[in-house]
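The values are calculated or read from the model by the stated rules, or taken from the named source; none is laboratory data. Not measured: the values here are computed from a predicted model. Cβ: placed from backbone, ideal geometry, glycine included. Neighbour counts: every protein chain shown. Note: areas computed on protein heavy atoms with side chains; ligands, DNA, RNA excluded. Shrake-Rupley method; radii C 1.70, N 1.55, O 1.52, S 1.80 Å.
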Amino acid sequence: MVDRWGRRLLDGLFPQLCLLCRLPSASHLPLCACCAAQLVENHACCRCCALPLPDDNTELCAACLQRPPALDRVIAPFLYEPHLGYIIARWKFQRERRLSGLLAELWLSTVEPPRDRDLLLPVPIHWRRLLGRGFNQATLLAMALQDRDPGLRPLPLPVRVLRRTRAAPAQATLTAHQRAHNLRGAFALGASVNGQRIAVIDDVMTTGATAEAIARLLKSAGAADVQLWCLARTPPPAT
């Protein structure tokens, strides 16, 4: 209650401005209801990889039918489009860590997280990139989710279980084939995951190469089930 009244007092003295329209957000979050409604939810998607599908289809996409991935499920409640992309860019590249809470609340407003996970596992970044950026956004998102959802708080957040073993070019600059090649031998395990049901945490899924490489590694070490929980899925290229 003290926190709630304190938040109301701060909001009255220093009202939050919406990141997108710059008007008062009328809430404790820096996003107004009107702009939040502009975010595009990923309703009709492959139930395995979360790729958007036409006609409200929520079965498997052609790629998952032809070659089932190591990932058991991807939860990506939004499509990656300019509005959400702007918020994520501010968060990651302008180092606005305060946006972790906003993104976690957006995720939780759309998703009921599965309660069968044994641990949350943020996608690691190489120590050189961590040194330059100052934080791992996947770890911040995982911590923010736990902070806002009591059902996730008991889950361990073992940041040392998975590590990035070598630096490589940023995935965003590469083609799908180059992404897969770029990730060979890029991750290693530092603890047992045998029999564990794992939620891998990341920000955006594009080709899925990073999550798939991690899922294969975890499955080869005995993980029972691996899901990816991320904010958004990149739509397929327009044809």
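Considering only L51, L84, L19, the mean-square fluctuation computed in a Gaussian network model of the chain, springs between alpha carbons under 10 angstrom, is largest for L19. Multiplying the residue separation of F135 and A33 by 0.36 nm and subtracting their alpha-carbon distance yields 33.8 nm.
Within the accessible surface of the chain, defined with a 1.4 Å probe on protein heavy atoms only, the carbon and sulfur portion equals 56 percent. Can you check what the Kirkwood hydrodynamic radius comes to for segment 16-111, Cα pairs only, in Å to one decimal? One over the average 1/r among Cα pairs gives 14.8 Å for segment 16-111.
To the nearest ten degrees, helix 99-110 and the longest principal axis of the Cα atoms of the chain are 80 degrees apart. Amide H to amide H distances under 5 Å link I75 with L228, W229, C230, where only residues 5 or more positions off or on other chains count and H is placed in the peptide plane. Distance between the modelled labels on A63 and L17, one decimal in nanometres: 3.9 nm (7 Å Cα→Cβ projection). Between D147, D203, D225, the GNM of the chain built on Cα springs shorter than 10 angstrom shows D147 fluctuating the most. Farthest towards the positive end of the charge dipole of the chain, among the residues C48, Q137, A223, is the Cα of Q137, using unit charges on the Cβ of Lys, Arg, Asp and Glu. The residues of the chain present an accessible area of 53 Å² per residue when probed at 1.4 Å with all protein chains retained. Estimated from helical segments only, the mean residue ellipticity of the chain at 222 nm is -10000 deg cm²/dmol, where each DSSP H run of four or more residues counts as -39500 (n - 2.57). Between D118 and A167, the contour length at 0.36 nm per residue exceeds the alpha carbon distance by 14.8 nm. The long axis of helix 137-148 is offset from the longest Cα principal axis of the chain by roughly 60 degrees.
Calculation over all alpha carbon pairs of the chain in 5 angstrom steps from 0 returns a P(r) of 1, 6, 13, 18, 19, 17, 13, 7, 4, 2, 0, 0 percent.
Build a GNM of the chain with springs between Cα atoms under 10 Å apart, and of G132, G85, G101 the one that fluctuates most is G132. Relative to the longest principal axis of the Cα atoms of the chain, the long axis of helix 2-13 makes an angle of roughly 60 degrees.
Between amide H atoms placed 1.01 Å from N, distances below 5 Å from C46 occur with L51, L53, all of them 5 or more places distant or on a separate chain.
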